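A.B. asks: There's a structure below that I have some questions on.
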Amino acid sequence: MRYMKKLLFAVFMIFFIGVAAFSDEIIEVTMSEFSDGIKENASLALEYVIKILNPNPKEIGEILRNNPEIQFNLILGDMGQNAKIEGNSFEKCENLMSIVIPEGVVDIKYFAFNECKNLSSVTLPESLTSIGNYAFNQCSSLAEITIPKNVEKIGQYAFEDCAGLVNLTISDGVKEIGRSAFNDCNHLKNLRIPGSLKVINEFAFYSCSELESVIISDGVQVIGENAFAYCPKLANVKLPNSLFMIGEKAFQYCKSLTAIKLPKYLKVLENYAFSSCVQLEKINIPEGIKKISFCTFYNCKKLENIVLPNSVTEIGDHAFRGCTNLKSVKFNDGLKKIGYASFYECKSLENVVLPGSVTEIGDYGFNSCPNLTNVVLSEGLIKIGAYAFWNCSSLMSIVIPESVINIGDFAFNESTSLKKN
């Protein structure tokens, strides 16, 4: 009886090899028939769709790995409610070409489809609520994916290095994108982030080298560390009014970004947030920002003008260093400190008028600003740091307020046009 069952299955599959390979017809087999049939007919080129009834994903994955010469397009049959694709089930099944996951599955566990390098099509069910860490990592042929609305969490590195991913749809309802979830998805061009997501976690879209446009919907509150860093073609970014924090290095080395509008309720710009955005020409600083942090705009070579709102009390170390095209800065009443090398090598800066609220200019504050011709220091300034105006070769005169009690070493050295009265 068992021999006859295997024989009938073999004949069944051979019959379809001629017709189903060039059609949309589906072969339905039970789990046992699939297992027995593959073992007995491993030489068959299964280039058509097989629907497996009562499937066991772990066992199916093992069968695929044991038959690497056969390509598989699979539909998983009903697995019941609250079902799971267990961790590592299809890991390194390089012969899996496409798969449809049934309704009722709520969780795709860690590494479930990791390194399925020829997997080009995945259909996820609306019942899905969780995609585990590394679930589809390095599925380099995957061109399109829709994340269903009931997914609460996309795990860390879940789609990292899916180099062929062009179309990504994240449905309204998705609540969390984990660290590095879409890192190195190098063919992704356009992206919309739904408002159901509150936080875009660190490195989420890091080094997506072809990414050109990002629309972030109202509701998102935090863009995490390095979230869009090293996206060299990113030219258009729309930020929501709900956003209150842009994390460290969030847009670092976005070399095609020319302008961006920061939302009015933004409160925090972390270190290096826009550093080395070398084409950035225009950006507004909204009221509510208290500190321009360490290296926030470092090496933004095309940035021309900055207006600081009254809420800013400190300009951090290296904040505008290397902004070689920066011509004017409107310093606000309420500003207290200009940090170490804040405007170092701002070679186009011509005019500096500091309000009376400023008490300290840090070491190297305006060092190597060769076109700086006019500096107004107000009463209330206490400290001028070492090398603060060193090598400001066009500066001809400066009045030091009586309130200044500390002038650092070489504060005005190499400012060759400056004459001592």
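A.B. asks: Output the residue which, of all residues in the range 186-219 that are under 19 Å from residue 256 (Cβ atoms) and of a type in the set (Phe, Trp, Tyr), is surrounded by the most Cβ atoms within 10 Å (Cβ to Cβ).
C.D. replies: Across the range 186-219, the extreme among qualifying residues is 205.
A.B. asks: Could you please find all residues in the range 59-79 being at pLDDT 95 or above, assigned to a loop (DSSP other than H, G, I, E, B) and not acidic (Asp, Glu)?
C.D. replies: Of everything in the range 59-79, those that are at pLDDT 95 or above, assigned to a loop (DSSP other than H, G, I, E, B) and not acidic (Asp, Glu) turn out to be 77, 79.
A.B. asks: Taking the range 210-245 on its own, how many of its residues are in a loop (DSSP other than H, G, I, E, B) and either of a type outside the set (Asp, Glu) or over 15 Å from residue 191 (Cβ atoms) (or both)?
C.D. replies: Keep residues of the range 210-245 that are in a loop (DSSP other than H, G, I, E, B), which gives 210-212, 217, 219, 221, 224-235, 239-244.
Still in the running and either of a type outside the set (Asp, Glu) or over 15 Å from residue 191 (Cβ atoms) (or both): 211, 217, 219, 221, 224-235, 239-244.
Result for the range 210-245: 22.
A.B. asks: A further question follows. Just wondering, is there one or more residues in the range 358-367 that are surrounded by 14 or more Cβ atoms within 10 Å (Cβ to Cβ), within 20 Å of residue 299 (Cα to Cα) and in contact with a Ser or Thr (Cβ under 7 Å, 6 or more places away or on another chain)?
C.D. replies: Here is the first cut: in the range 358-367, the ones surrounded by 14 or more Cβ atoms within 10 Å (Cβ to Cβ) are 358-367.
Then drop every residue that is not within 20 Å of residue 299 (Cα to Cα), which leaves 362-367.
Filter once more, so that each one left must be in contact with a Ser or Thr (Cβ under 7 Å, 6 or more places away or on another chain): 362, 365.
Yes, the range 358-367 contains a residue that is surrounded by 14 or more Cβ atoms within 10 Å (Cβ to Cβ), within 20 Å of residue 299 (Cα to Cα) and in contact with a Ser or Thr (Cβ under 7 Å, 6 or more places away or on another chain).
A.B. asks: Filter the range 284-298 down to the residues that are over 11 Å from residue 320 (Cβ atoms) and assigned to a strand (DSSP E or B) and list them by number. So that I can check it myself, show each step before the final result.
C.D. replies: First, pick out the residues of the range 284-298 that are over 11 Å from residue 320 (Cβ atoms): 284-291, 293-294.
Answer for the range 284-298, where residues must be over 11 Å from residue 320 (Cβ atoms) and assigned to a strand (DSSP E or B): just 291.
A.B. asks: If you don't mind, another one. Just wondering, is there one or more residues in the range 302-317 that are among the basic types (Lys, Arg), modelled with pLDDT of 95 or more, out of contact with any Asp or Glu (no Cβ under 6 Å at 6 or more places or on another chain) and surrounded by fewer than 23 Cβ atoms within 10 Å (Cβ to Cβ)?
C.D. replies: no
A.B. asks: Determine, yes or no, whether residue 126 is in a loop (DSSP other than H, G, I, E, B), at pLDDT 95 or above, among the acidic types (Asp, Glu) and crowded, with 18+ Cβ neighbours inside 10 Å. Show your work before the answer.
C.D. replies: Numbers: in a loop (DSSP other than H, G, I, E, B): yes; at pLDDT 95 or above: yes; among the acidic types (Asp, Glu): yes; crowded, with 18+ Cβ neighbours inside 10 Å: no.
The answer is no for residue 126.
A.B. asks: Cβ contacts < 6 Å: first residue farther than 15 Å from residue 366 by Cα, restricted to the range 390-414; second residue among the aliphatic types (A, V, I, L, M) and at pLDDT below 95, any location; separation 6+ or different chain. Result?
C.D. replies: none
A.B. asks: Are any residues in the range 263-283 aliphatic (A, V, I, L, M) and either surrounded by fewer than 16 Cβ atoms within 10 Å (Cβ to Cβ) or part of a loop (DSSP other than H, G, I, E, B) (or both), and if so, which ones? Can you show your working first?
C.D. replies: Filtering the range 263-283 for residues aliphatic (A, V, I, L, M) gives 266, 268-269, 273, 278, 280, 283.
Those that are aliphatic (A, V, I, L, M) and either surrounded by fewer than 16 Cβ atoms within 10 Å (Cβ to Cβ) or part of a loop (DSSP other than H, G, I, E, B) (or both): 266, 273, 278, 280.
A.B. asks: To continue, here is another question. Applying the selection to the range 373-389, what residues are without any contact (Cβ under 8 Å) to a residue 40 or more places away in the chain and part of a loop (DSSP other than H, G, I, E, B)? Break it down stepwise before answering.
C.D. replies: Residues of the range 373-389 that are without any contact (Cβ under 8 Å) to a residue 40 or more places away in the chain, as a first pass: 373-384, 386-389.
Passing the criteria: 373, 377, 378, 379, 380, 381, 382, 386, 387, 388, 389.
A.B. asks: Continuing with the same structure: Can you tell me which of (1) buried (at least 16 other Cβ atoms within 10 Å of the Cβ); (2) out of contact with any Gly (no Cβ under 6 Å at 6 or more places or on another chain); (3) modelled with pLDDT of 95 or more is the one residue 415 doesn't meet?
C.D. replies: The failed condition is (3).
A.B. asks: Out of (1) more than 18 Å from residue 374 (Cα to Cα); (2) of a type outside the set (A, V, I, L, M); (3) over 23 Å from the mean Cα position of the chain (by Cα); (4) surrounded by fewer than 18 Cβ atoms within 10 Å (Cβ to Cβ), the odd one out for residue 348 is which?
C.D. replies: (1)
A.B. asks: Any residue at all in the range 92-107 that is assigned to a strand (DSSP E or B) and either in contact with a His (Cβ under 9 Å, 6 or more places away or on another chain) or among the charged types (D, E, K, R) (or both)? Step through it out loud before you land on a result.
C.D. replies: First, pick out the residues of the range 92-107 that are assigned to a strand (DSSP E or B): 96-100, 105-107.
Adding the requirement that they be either in contact with a His (Cβ under 9 Å, 6 or more places away or on another chain) or among the charged types (D, E, K, R) (or both) leaves 107.
Scanning the range 92-107 turns up at least one residue that is assigned to a strand (DSSP E or B) and either in contact with a His (Cβ under 9 Å, 6 or more places away or on another chain) or among the charged types (D, E, K, R) (or both).
A.B. asks: How many residues does the range 241-261 contain that are touching a strand residue (DSSP E or B) at 6+ places or on another chain (Cβ under 7 Å) and either modelled with pLDDT under 95 or under 19 Å from residue 326 (Cα atoms) (or both)?
C.D. replies: Summing the residues that are touching a strand residue (DSSP E or B) at 6+ places or on another chain (Cβ under 7 Å) and either modelled with pLDDT under 95 or under 19 Å from residue 326 (Cα atoms) (or both) in the range 241-261 gives 3.
A.B. asks: Just need a number here: residues in the range 350-370 that are in a loop (DSSP other than H, G, I, E, B) and within 16 Å of residue 412 (Cβ to Cβ).
C.D. replies: Of the residues in that region, 10 qualify.
A.B. asks: Something else about it: Check whether at least one residue in the range 30-44 is more than 22 Å from residue 119 (Cβ to Cβ) and at pLDDT below 50, and report yes or no.
C.D. replies: Yes, the conditions are met somewhere in the range 30-44.
A.B. asks: Follow-up. If the requirement is being more than 17 Å from residue 198 (Cα to Cα) and either at pLDDT below 95 or among the basic types (Lys, Arg) (or both), which of these qualifies: 233, 238, 267?
C.D. replies: On the way: 238 fails: more than 17 Å from residue 198 (Cα to Cα); 267 fails: more than 17 Å from residue 198 (Cα to Cα).
It is 233.
A.B. asks: Follow-up. Taking the stated definitions as given, is residue 207 out of contact with any Ser or Thr (no Cβ under 6 Å at 6 or more places or on another chain), at positive phi and part of a loop (DSSP other than H, G, I, E, B)? Walk me through it before giving the result.
C.D. replies: Details: out of contact with any Ser or Thr (no Cβ under 6 Å at 6 or more places or on another chain): yes; at positive phi: yes; part of a loop (DSSP other than H, G, I, E, B): yes.
Criteria met by residue 207.
A.B. asks: For residue 324, are the conditions met, namely being of a type in the set (Val, Ile, Thr) and under 25 Å from residue 278 (Cα atoms)?
C.D. replies: Details: of a type in the set (Val, Ile, Thr): yes; under 25 Å from residue 278 (Cα atoms): yes.
Yes.
A.B. asks: How about the range 70-86: which of its residues are surrounded by fewer than 18 Cβ atoms within 10 Å (Cβ to Cβ), of a type in the set (Gly, Ala, Ser) and at negative phi?
C.D. replies: 77, the sole residue that qualifies.
A.B. asks: Please go through the range 194-219 and pick out each residue that is among the charged types (D, E, K, R) and in contact with a strand residue (DSSP E or B) (Cβ under 6 Å, 6 or more places away or on another chain).
C.D. replies: Kept after step one, since they are among the charged types (D, E, K, R), are these residues of the range 194-219: 198, 202, 210, 212, 218.
None; the set is empty.
The values are calculated or read from the model by the stated rules, or taken from the named source; none is laboratory data. Here the structure is a predicted model, which is why all the values come from computation and not from measurement. Using ideal geometry, Cβ is built from the backbone for each residue, glycine included, and neighbour counts are taken over all protein chains shown.
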